[in-house]
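Here the structure is laid out as structure tokens; the discussion comes afterwards.
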Amino acid sequence: LSVLIHRAVQAFAFQNQIRSRRMSGPNPQNPATNGQDLSPLAQWVFVGCVALIVAGGIAVLLLLSSRAADSLVLAILSILAMVGTFFLFGLTAGHIKVGDTAELSALLHAAVEQTGQGFQIAARDGSVVHANKTFSAIVGAGPDGEPRPLAEAFAGEPLAAECLFRLMLASDRGETLEEEFRVRDPEARARAARWIRLGVKPLRLPTTSDAYTLWHVSDITNERAREAETLRELETALTYYDTMPVGVVAAGPGAGVTHLNATLREWLGLDAEAMHARALTLGDVLAEPGEALLRTAAARTPGQAVRFDLDLLRADGSRAPVTVIGQTDAQGSGQLTALVVNRGTDDAGEDEGRVAEVSFARFFHAAPFGIATLDRDGRILSANGAFARMFFEDHKAAARTIADLFSDPGAEEARRAVSETIRQVMDGRASVEPVEITIGPEHQFTRRLYMSPIAQARKQGEAAVIYVIDATEQKALELKYAQSQKMEAVGKLAGGIAHDFNNVLTAIIGFSDLLLQTHRPTDPAYKDIMNIKQNANRAAGLVRQLLAFSRRQTLQPEVLDLSEVLTDFSAWLNRALGEKVELKILSGRDLWQVKADKTQLDQVVLNLALNAKDAMPDGGRLTIRTRNISERESTKLVGMGVAVGEYVLIEVEDTGFGMPPDVLAKIFEPFFTTKDVGKGTGLGLSTVYGIVKQTGGYILPESELGQGTNFRIYLPRHVAAPPVAEATPRPAKKPERPRDLTGAGRVLLVEDEDSVRNFAVRALKRQGYEVFEASTGREALEVLDAQQNRVDIVVSDVVMPEMDGPTLLKELRTLNPDVKVIFISGYPDDVFKKSLDPNEQFAFLAKPFTLPQLAAKVKEELAR
């Protein structure tokens, strides 16, 4: 029992140390509290006994080796028997004591009985080993004086029953648990209930394997009464805080509002629930840029109050003039507390000078551009909110001079330019050129500074004023405009080259077809001619890419569902990407329709996918997502050059090695590539750019080294118009191109390129047509006049000197309204279709074309 009580006192002494945090370590003056059970005298006795036993053992061994060993052994055994018997009687009678066990037991027993907590030690089967008087006093005693069982002591109390159930469960599991609950006190009439703290913890002895449970109980009614009194005082203080005639607002380091009294909530037009739901910031309370001004000014003088005349921003969007007195804590934690005085009712009692001063202060701080005043040493004397927002970042809030704003590495040029301008202003020069500087960690912000001296400046007063305009957005727009102009110029150049090159390729391909008709596959020259034609077709593919970039290719738009397009194209994409790249297609729900050329759209996705594959040589994941972009969401993209509207978004994202900013800025330029020589033409992404632009969409790349690349394509939503009945049904097209390319009829061929014209004339004559040729539109009219307009069909180029194709068509309609016309051009038909009558009927054949394509087109039109 003594050891059990000792262990219990040690356990609860440690528990009380944890709760109160008042004990710093063991008491060297009290060995009992340090875990020492034996006194110093007992320790010395123990050491002496061990030494005596060892010496006796050595002596016995020596004697056993002699002749007198038998008699000596019997004598020693007799002596030891007498000593042992005497020791046992003395220990039983209490005359012999080992250490201070009896005194320590009495001391521990007195400590347990006199403590303010009740203790009970119970065995594993639930039987009570020991309980002090305090435990019995709190839980109640039975007829025999023993404490009542806990279940009986707190019976009839639902809350106590729940807590007791959890404590019993913890006792069975050998866990430590403490609960607090309220019980009725039938003996005390002045108070209706008591508060009890009851706990349980396992108790084990090092000398035995038996397990015990230690219960402790305390009456904490007085403690709860003190807490209730403190709470009432706090509620009284909060009531006064809420009914103050001024507003009070507190904000943390991140500008989030942590407290707002009822007066300020009423001025703002908010209730408590709305405030918590909106997660208010200082920017929601003070009109722009009051939040930046107040926080930076208070941070520059921690622990000191700053005062500003600002505008309060109400929930309905209206403003109210207020005076704000703010202060941050002196420890520099960023906690801000501010008093808000409503000036809407105070101006009437003030003089005109003060009213004018307040009005000027409000206009000064609400200005959309930065304003600051300096003294002759360059110290910032005052600054408005816009200036604070543009310059006083968190690490610059304590800046005292204008030079402190440009102390970052890499800002030396800006610091020199500003210092030189300030020197000129301080010398009295009124006309000083504005300074344009770039600031920020990545020099991403552009500021334009205008400075001028203040006339009649005092020696220590304001000497100069600075006006700052945020030119970041303007610079970004200038760069975008310059980039678009460059891309437009390159596109026109590429389109012009492509048009002229198409004429050359048409002649090469056409004459190759003529030669192939005169050579058998067994001829030695047949293979060479085929190589010429194949390389010409390959060059024609590059020309088509140039035309796509310049947005001058021929498109055949149709209404598409992107989910179906990507699903149909996924199998082909998987084969193109290979086994190392995982393809994942995530289609949005209820996608809108778009109107685009399906073949060209497949080309866009394919080019982006192949580029992603090259960026992931060791494998990776390619994700293609689609979703709708509402008109409201598109307003966030205006700064990126996207017009407001409804779009369908295609995202092509890879997990490759990404691109640096300098490469990202040039990816859409034709012939720009980062691949090795012979591995790319540099026209893939320029083709993608042209197709998307010609479709009416936008493409926005985003990439970071080591983080992959994401291309976002925004295609305009197509809203189908209601069907309109056609006056005359369109003639049905033949499903297949005719195999027999021969025909009969009179054909007028108009082409200013001699090589193309010669090839076309010979090709049509070989098919059986009677062909007349002309190099210009004027010459074509003369040929028609000579033939008395007896021509069945006219095949004409579009771009020609003197008279172009559309003008020639208008003249032909006056001479022969029924004549059929085929336009041939390296540009798409959209380029010239706008200059013709919408009901004008004509056919179109894109350059470069082959001999069979030309013959088939002529025969098809004559058959209509």
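The values are calculated or read from the model by the stated rules, or taken from the named source; none is laboratory data. No experiment lies behind these values; they were computed from the predicted model shown. Glycine also receives a Cβ, built like all others from the backbone with ideal geometry; neighbour counts cover every protein chain displayed. All accessible areas refer to the heavy atoms of the entire protein, side chains included, with ligands and DNA or RNA removed. Shrake-Rupley method; radii C 1.70, N 1.55, O 1.52, S 1.80 Å.
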For this session: Leaving out ligands and nucleic acids, note down the accessible area per residue over the stretch 741-854 with a 1.4 angstrom probe, in whole Å².
Result: 45 Å²
For this session: Kindly report the accessible area of the stretch 561-706 per residue (heavy atoms of protein chains, probe 1.4 Å, no ligands, DNA or RNA), in Å².
Result: 52 Å²
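Just to confirm, what accessible area per residue do you get for the stretch 495-538 at 1.4 Å probe, in whole Å²?
In whole numbers, the stretch 495-538 has 57 Å² accessible per residue.
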Exercise. What is the spin-label model distance, in nm, from residue 175 to residue 417 if the labels are put 7 Å beyond Cα along the C-beta direction?
Worked result: 6.7 nm
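Add +1 for every Lys or Arg and -1 for every Asp or Glu among the other residues with Cβ under 10 Å from the Cβ of residue 769, and state the total. Let's see the in-between values first.
On the way: positive: 746, 765, 766, 859; negative: 770, 792.
Computed value for this residue: +2.
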Exercise. Put 451, 426 in order of accessible area, largest first, 1.4 Å probe: what do you get?
Worked result: 426, 451
Problem set entry | Neighbourhood charge, 15 Å Cβ-Cβ cut-off, centred on residue 646 and excluding it, Lys, Arg +1 and Asp, Glu -1 | +2
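Out of every Cα-Cα pair in the stretch 574-718, what percent are more than 27 Å apart? Intermediate results must be reported in sequence, preceding the final value.
On the way: 2018 of 10440 pairs.
Counting pairs separated by more than 27 Å, the tail of P(r) holds 19 percent.
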For this session: May I ask you to give the average projected area over all directions of the convex hull of the Cα atoms of the stretch 789-864, in nm² rounded to one decimal?
Result: 5.3 nm²
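Taking all protein chains together and a probe of 1.4 Å, list 270, 705 from the most accessible to the least accessible.
Numbers: 270 30, 705 110 Å².
I get 705, 270, largest accessible area first.
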